[in-house]
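J.: Before I ask anything, let me first share the structure, which is written out below as structure tokens.
The values are calculated or read from the model by the stated rules, or taken from the named source; none is laboratory data. Quick caveat: nothing in here was measured; it's all calculated off a predicted structure. Here the Cβ positions follow ideal geometry from the backbone for every residue, glycine too, while neighbour counts run over all protein chains shown. Ligands, DNA and RNA are stripped out before the accessible areas are found, and what is left, the full protein with its side chains, is counted by its heavy atoms. Shrake-Rupley method; radii C 1.70, N 1.55, O 1.52, S 1.80 Å.
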Amino acid sequence: MTTTASIRAPDLGRPNRLRLAWLLLVLGLLGICCALSVAIGARDVGLADILAAFNGLADTIEQAAVTKRIPRTVLAAIAGAALGLSGAVMQGVTRNPLADPGILGINMGAALAVVVGLAWFGLAAAQAYIWTAIFGAAVTAVFVFVIGSLGRGGATPLKLALAGTATSIALASFITAVILPRNDIAEGARSWQIGGVGGATFDTIIQILPFLAAGFLLCLLSARKLNSLALGDELAAGLGERVMLARATASFGAVILAGATTAICGPIAFVGLLVPHVCRLLVGVDHRWLLPFSALGGAILLLASDVIGRIIARPGELDVGIVTAFVGAPIFIWIVQRYRGRDL
Amino acid sequence: MPVTETDILAVGAIRRRQATRRRIVLAILAILVLAAFATTLMAGKSFVPPLEVIQILLGADMGGANFTVGTLRLPRAVLSVVAGLSFGLGGAAFQTLLRNPLASPDIIGISSSASAAAVFAIVVLSLDGAGVAFFAVTASLVVAGFIFVLSFRRSGFGARLILTGIGVAAICQSIIYYVLSRAPVWDAAEALRWLTGSVNGAAWGQIGPAALVLVIAGSVLLSRARALENLRLGEDTAAALGERVNLSRVLIIMAAVALIAFATAAAGPVAFVAFLSGPIATRLVGHYGSALIPSALTGALLVLVADFAGQYLLGARFPVGVVTGALGAPYLIYLIVVSNRAEKT
């Protein structure tokens, strides 16, 4: 799909004016979602309380609630951006429309690594969490790609998705097996099976920022390389691209983003799957546009899902990972529907 | 090359050897299931000698052992067997009918849909026993129909079926989480039952409907065993052999879905039992005769052994689904690797 489109249209899709219009719209949507995320929750708050909370007051319960929602909103936005971007890069690197850090089991790998670290190696510092998670994500990514690309036709969507699903189920079983006997960490068992942004604090956000920044940089810098890769390995090599190096750096960036996000939020699936597909409809297949849009789109999706999760399960709340799966899985099925049999 | 008499004799000899092997393996499997069943009744935190177990089963009053064996272990063992047989049968029926080991009900989302429906019926509709089971079977028939309709195209049925099923399974999982989070308290044990399957706290009220359906739908499936074998040769061949292809297909799918749904309503979607039983059974028996009965026995054995291991051998107490999930996933990966090499997927 990507290949034919980019050969047919030299400008890789859409006129820039249209893209700028979309950019403004998406930024506006992002602002609205942030506002909603601060304003809506289990407890109703007034505008005065929100403003007071932004000024650092936490005198009333309402203001305290808003004070807790601010870091949550920030985390949802950056985590969503990281996952959206990570998914877009993975789809680009593998030229596979079903690639997503959740579906490929990469987030679960990160979660298992953290859980093992917690249970057996007494992991405590947030920095150690993040390194462990990135390590787990990287190992899982390599594993799933190797399994999925064996045999003829390389990594077809079916093989990759199956390898990812199988790995996810195994990893989820291992996570349960590690956590179940340990009463001291069993409390957190749920948060390592389904991702959420509920427990966000500015401390944890600051801890992952350098990692995310590195990941964003690696991914965004490889946009042009991904455009070449979309033409196929031979053509990309003919254009002077060092194919393996380009793949490796872009994947590394995507894995850092997925791993670091999972270290803080737990495994969240389908954001990275769904957002790039929608963004491709908006701005076309040029990765220089697609990647930033996927980041913005991911932020919007995760913020909106988080708000929905707070509304539909009142007085409790639903972890954002559940909402994204519910929204994302139908899109997954839709993408599968659009493909012809031999391309699966 | 003309077929000579020696060829015919050679084929006959191979067939006889296969038939003997099948009989022997079936007998061994049956004995193993019985042995595992007996072990589940006897062993545990306290050991009850076999003679005492038999006396208790016959109704004698042996004091504390009565509670351990009669109330705790017996329903658990029976549920393990019923669920294992159902998953094994249902899984093998799907795999044979769709001619793809990956097209098992737990991978294409049918088990998860039964589980989601069951947990919805329990938490939201406050049903129990047979009501839950009927709700589960209705929902999973609808979901199965949905998945099949979405997957029917001119090409790529198998791949599309599996991928659509993965998506459906994800939706069902989030429904399960959602419903459980609406319950007054988050009960981790309950959650695990509906997410990965467990025979903890088995009660006769749950077992009854599942056992009944095992008998009914199981006989339907077994009566269609030959049709299933013929369908495996391809639609045209089956029709040429006098099979009413569509009728058989519909009957087989309905029976298999009913088996899976009722077993799931009782024990949860015990991870990968439906998926593993068929291929393991075929490996043991060889490609001779119907895979249904060997798969059913393998399923029962898997659930019994995995549950026993989960309870007593692994240090902590794990529900059976965690054990089978950890066992089954590597096999799934192995299957992907092998089928990639054989270039069939």
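J.: Suppose we filter the range B:19-41 for residues that are open to solvent by 30 Å² or more (accessible area, probe 1.4 Å) and touching a residue at least 24 places away in the same chain (Cβ under 8 Å); how many remain?
T.: 7
J.: Then there is this: Can you say whether B:F275 is over 17 Å from B:L79 (Cβ atoms) and crowded, with 23+ Cβ neighbours inside 10 Å, as far as the supplied structure shows? First the steps, then the outcome.
T.: Numbers: over 17 Å from B:L79 (Cβ atoms): yes; crowded, with 23+ Cβ neighbours inside 10 Å: yes.
It is true that B:F275 is over 17 Å from B:L79 (Cβ atoms) and crowded, with 23+ Cβ neighbours inside 10 Å.
J.: Let me ask you something else. Tell me which residues, restricted to the range B:69-82, are open to solvent by less than 10 Å² (accessible area, probe 1.4 Å) and at pLDDT 85 or above. Please lay out each step first, then the result.
T.: If we filter the range B:69-82 for residues that are open to solvent by less than 10 Å² (accessible area, probe 1.4 Å), which is where we start, we get B:69, B:75, B:77, B:79-80.
Residues satisfying the conditions are B:P75, B:A77, B:L79, B:S80.
J.: Which number in (1) in contact with a Ser or Thr (Cβ under 9 Å, 6 or more places away or on another chain); (2) within 14 Å of chain B (Cβ to nearest Cβ) marks the one condition that A:A126 misses?
T.: Status for A:A126: all satisfied but (2).
J.: Can we say B:V270 is within 20 Å of the chain's Cα centre (by Cα) and either of a type in the set (S, T, Y) or open to solvent by 40 Å² or more (accessible area, probe 1.4 Å) (or both)?
T.: no
J.: Of the residues in the range B:148-171, how many are of a type outside the set (D, E, K, R), open to solvent by less than 50 Å² (accessible area, probe 1.4 Å) and within 9 Å of chain A (Cβ to nearest Cβ)?
T.: Of the residues in the range B:148-171, 14 are of a type outside the set (D, E, K, R), open to solvent by less than 50 Å² (accessible area, probe 1.4 Å) and within 9 Å of chain A (Cβ to nearest Cβ).
J.: Next question. Yes or no: B:L247 within 14 Å of chain A (Cβ to nearest Cβ) and either in a helix (DSSP H, G or I) or buried (at least 24 other Cβ atoms within 10 Å of the Cβ) (or both)?
T.: Considered against the rule, which asks whether it is within 14 Å of chain A (Cβ to nearest Cβ) and either in a helix (DSSP H, G or I) or buried (at least 24 other Cβ atoms within 10 Å of the Cβ) (or both), B:L247 comes out as no.
J.: With the range A:195-263 as the region, which helices (runs of 4 or more DSSP H) entirely inside it contain at least 3 residues that are more than 17 Å from A:Q91 (Cβ to Cβ)?
T.: In the range A:195-263, A:202-221, A:233-238 are the helices (runs of 4 or more DSSP H) which contain 3 or more residues that are more than 17 Å from A:Q91 (Cβ to Cβ).
J.: Turning to a different aspect of this structure: Exactly one condition in (1) farther than 22 Å from B:G145 by Cα; (2) within 14 Å of another protein chain (Cβ to nearest Cβ) is not met by B:P269; state its number.
T.: Failed condition: (1).
J.: For the range B:1-101, give me every one of the helices (runs of 4 or more DSSP H) that falls completely inside it and has 1 or more residues that are more than 29 Å from B:A210 (Cβ to Cβ).
T.: B:5-42, B:50-57
Residue by residue, here is whether (1) within 10 Å of chain B (Cβ to nearest Cβ); (2) at pLDDT 80 or above; (3) open to solvent by 30 Å² or more (accessible area, probe 1.4 Å) holds:
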{"residue": "A:A113", "(1), (2), (3)": "no, yes, no"}
{"residue": "A:G122", "(1), (2), (3)": "no, no, yes"}
{"residue": "A:F135", "(1), (2), (3)": "no, yes, yes"}
{"residue": "A:V142", "(1), (2), (3)": "no, yes, yes"}
{"residue": "A:G153", "(1), (2), (3)": "yes, no, yes"}
{"residue": "A:L162", "(1), (2), (3)": "yes, yes, no"}
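J.: Next question, about the same structure. Considering B:A306, B:A316, B:A291, which residue is open to solvent by less than 30 Å² (accessible area, probe 1.4 Å), within 12 Å of chain A (Cβ to nearest Cβ) and at pLDDT below 90?
T.: Details: B:A306 fails: at pLDDT below 90; B:A291 fails: within 12 Å of chain A (Cβ to nearest Cβ).
Sole residue among the options that is open to solvent by less than 30 Å² (accessible area, probe 1.4 Å), within 12 Å of chain A (Cβ to nearest Cβ) and at pLDDT below 90: B:A316.
J.: Find the residue count for the range A:232-288, including only residues that are over 27 Å from A:L23 (Cβ atoms), more than 17 Å from the chain's Cα centre (by Cα) and open to solvent by 10 Å² or more (accessible area, probe 1.4 Å).
T.: The qualifying residues number 15.
J.: Kindly evaluate B:L141 against the criterion of being under 21 Å from A:F332 (Cα atoms), touching a helix residue (DSSP H, G or I) at 6+ places or on another chain (Cβ under 6 Å) and in a helix (DSSP H, G or I).
T.: Answer is no for this residue.
J.: Could you give me the residue pairs with C-beta distances under 8 Å whose first residue belongs to the range B:231-255 and is touching a residue at least 24 places away in the same chain (Cβ under 8 Å) and on the phi < 0 side of the Ramachandran plot, whose second residue is part of a helix (DSSP H, G or I) and among the hydroxyl-bearing types (S, T, Y) wherever it lies, and which are 6+ apart or on separate chains?
T.: As it stands, the answer is B:L231/B:T96; B:L231/B:S248; B:R232/B:T96, since those pairs meet every condition given.
J.: A follow-up question, please. Considering A:I103, A:I78, which residue is in contact (Cβ under 8 Å) with a residue 24 or more places away in the chain, in a loop (DSSP other than H, G, I, E, B) and open to solvent by 10 Å² or more (accessible area, probe 1.4 Å)? Explain how you work it out, then say what you get.
T.: Numbers: A:I78 fails: in a loop (DSSP other than H, G, I, E, B).
It is A:I103.
J.: What's the total number of residues in the range B:194-210 that are of a type in the set (G, A, S), more than 13 Å from the chain's Cα centre (by Cα) and open to solvent by less than 30 Å² (accessible area, probe 1.4 Å)?
T.: 2
J.: Another question, then. Restricting to the range A:302-320, and then to whatever is buried (at least 22 other Cβ atoms within 10 Å of the Cβ) and at the interface with chain B (Cβ under 8 Å from one of its Cβ atoms), can you tell me which residue is farthest from B:Y178 (Cα to Cα)?
T.: My answer is A:D319.
J.: Here is a further query. Identify, from the list B:I147, B:I176, the residue that is modelled with pLDDT under 90, more than 19 Å from the chain's Cα centre (by Cα) and under 14 Å from B:T264 (Cβ atoms).
T.: B:I176
Residues are listed down the side, and each one gets a yes or a no for (1) surrounded by fewer than 24 Cβ atoms within 10 Å (Cβ to Cβ); (2) within 18 Å of B:P294 (Cα to Cα):
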residue: B:G84; (1), (2): no, yes
residue: B:F94; (1), (2): no, yes
residue: B:P101; (1), (2): yes, yes
residue: B:S111; (1), (2): no, no
residue: B:I122; (1), (2): yes, no
residue: B:A133; (1), (2): no, no
